[in-house]
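All of the numbers you see were taken from the coordinates with simple rules; none came from a lab. Predicted, not measured: the structure shown is a model, and the values here were computed from it. Counting neighbours? That spans all protein chains shown, and the Cβs are built from the backbone with ideal geometry, glycine included.
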Amino acid sequence: MIDLGLSKLAIIGVVALIVIGPEKLPKVARMAGTLYGRAQRYLHDVKSEVSREIELDELRNLHKEVHESAQSFKSDVESSMSSHVDEVEALWDGREHVSSSPSTPSFVSTTDIERKARDFRRKKLVRTSAVPSWYKHRNGGKTHVLSGAARVRKFRPGSSKSKSSFF
């Protein structure tokens with residue numbers, strides 16, 4: 001970059017005053033300022049256009065990657081579904097043959113179901129108890145549990161806690 005100090009600018013101003021003359025110097029200075037401003041705006045526009053093109057190219061690449069991963073996921077799901085459908089149809093057609101052979105257990109045992117239910121209950125307890133009470137107060141969530149009798153007493157029409165009338 002050009003290093004223009006105060007002394008160099010003064011020398012350029014004196015030379016311009018001598019060469020151009022005092023009558024035309026303000027006009028030339030104004031013209032130079034407007035050309036300099038246009039050049040700066042043009043460079044700014046070019047920089048912003050280049051950055052937009054780079055971002056657009058990145059978005060296109062990201063879109064292509066997402067589309068490819070979606071297609072692979074779709075093909076995996078379709079192949080899995082077709083294999084499961086074939087398996088179900090085979091079981092449906094040859095049901096007596098499959099049920100008579102105890103060597104290939106195709107059903108889930110009750111211990112697995114009990115284990116999954118226990119894990120689900122534990123995870124649900126963790127999810128529901130992990131919410132802080134200040135968040136529940138702010139968003140209108142339940143902070144304590146009322147019994148059935150307490151809910152009936154609270155919301156029963158005609159019951160008033162104090163015996164005063166509205167009118």
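May I ask you to compute the full-extension gain from LYS47 to MET31, defined as 0.36 nm times their residue separation minus their alpha-carbon distance, rounded to one decimal in nm? Provide the component values of the computation, followed by the final result.
Details: separation 16, 0.36 × 16 = 5.76 nm, distance 2.43 nm.
Extra length from LYS47 to MET31 when fully extended: 3.3 nm.
Testing the spin-label approximation: label points 7 Å from Cα along Cα→Cβ at ASP3 and LYS74. State their distance in nm.
6.2
Excluding LYS64 itself, what net charge comes from residues whose Cβ is under 14 Å from its Cβ, given Lys and Arg +1 and Asp and Glu -1?
On the way: positive: ARG60; negative: ASP57, GLU58, GLU65, GLU68.
Around LYS64, the charge tally is -3.
Determine the sum of side-chain charges near THR34: Lys and Arg each +1, Asp and Glu each -1, restricted to other residues whose C-beta is under 13 angstrom from that of THR34.
Details: positive: LYS27, ARG30, ARG38, ARG41; negative: none.
Within the 13 Å Cβ shell, the charges total +4.
For region 8-98, please report how many Lys pairs fall under 28 Å Cα to Cα, leaving out neighbours fewer than 8 apart on the same chain.
Numbers: LYS8/LYS24; LYS8/LYS27; LYS47/LYS64; LYS64/LYS74.
Going through region 8-98 pair by pair, I get 4.
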